[in-house]
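Since every read-out is calculated from the coordinates, none of them should be taken as a lab result. Because the structure is a prediction, the values reported are computed rather than measured. Methodologically, a virtual Cβ is constructed for each residue, glycine included, from the backbone with ideal geometry; neighbour enumeration extends over all protein chains shown.
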Amino acid sequence: MLRGLLLPTLSSAFGVLSIEAGASAAAGLLMCWHLLSITTGFRSAWVLYSVWMAVSSAALFYGRAKRDLGHVQWFAIAMFIDVLVYATGIAFDAELQMTNIEQCNVAMAANPGLTVEQCLEHVHEIKAIAYAMRLAVLASKAYLAAMAYSYELRCGFGVQIQRASVDKPASTDAPAE
């Protein structure tokens, strides 16, 4: 029962929301997030990635409207790539790679009333919270990727594969006369 509530199925997300509504909500939120990312970080090297993810989110809406399976698959593939990019990015995140003193220098520049001693007391907690938050985001991205894949299967990709194997003519082993 818990598995049915937590993992997406071909018919529902979180056991409550239909998979179509869940995939559309995910695509809408991702599109808003990446469009905001484009407007706030247009000089960043990640802007092309944000453009690609926003267009991929729009592909789901286009695929639903036109009943085009290729665009639905595009969104599902983009979601899996997003999980891999984010997981790789955690390992190279500058905030998690900084030494304690470097992090304290950044924190003290933002908050002049903070002393080095106060900062060093809490820097490990801050790193742990930052790491835990990134892992939570990674888990949610993995869930969204699984939901996108479930929606892709729901749209008929899996059914087309089964039909292709059923429609294939059976070979006859009888010798020709």
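I need the calculated FRET efficiency for the pair Glu121 and Ser11, taking r as the beta carbon distance and R₀ as 41 Å, to the nearest 0.05. E(calc), rounded to 0.05, equals 0.25. Sparsely packed loop sites in segment 45-109 (the trypsin sites (Lys or Arg not before Pro) outside DSSP H, G, I, E and B with at most 11 other Cβ atoms within 10 Å) comprise Arg67.
Once R0 is set to 25 Å, what does the formula 1/(1 + (r/R0)^6) return for the Cβ-Cβ distance between Asn111 and Val137, expressed as a FRET efficiency to the nearest 0.05?
Working: r = 25 Å, r/R0 = 1.00.
Computed FRET efficiency for Asn111 and Val137 comes out at 0.50.
If you place +1 on the Cβ of every Lys and Arg and -1 on the Cβ of every Asp and Glu, how big does the dipole about the Cα centre of segment 2-156 come out, in debye to the nearest 20?
700
As a size descriptor, the averaged projected area of the C-alpha convex hull of segment 2-156 was calculated at 11.1 nm².
Pop the C-beta distance of Ile101 and Glu20 into the FRET formula with R0 = 41 Å and round what comes out to the nearest 0.05.
On the way: r = 51 Å, r/R0 = 1.24.
After rounding, the FRET efficiency stands at 0.20.
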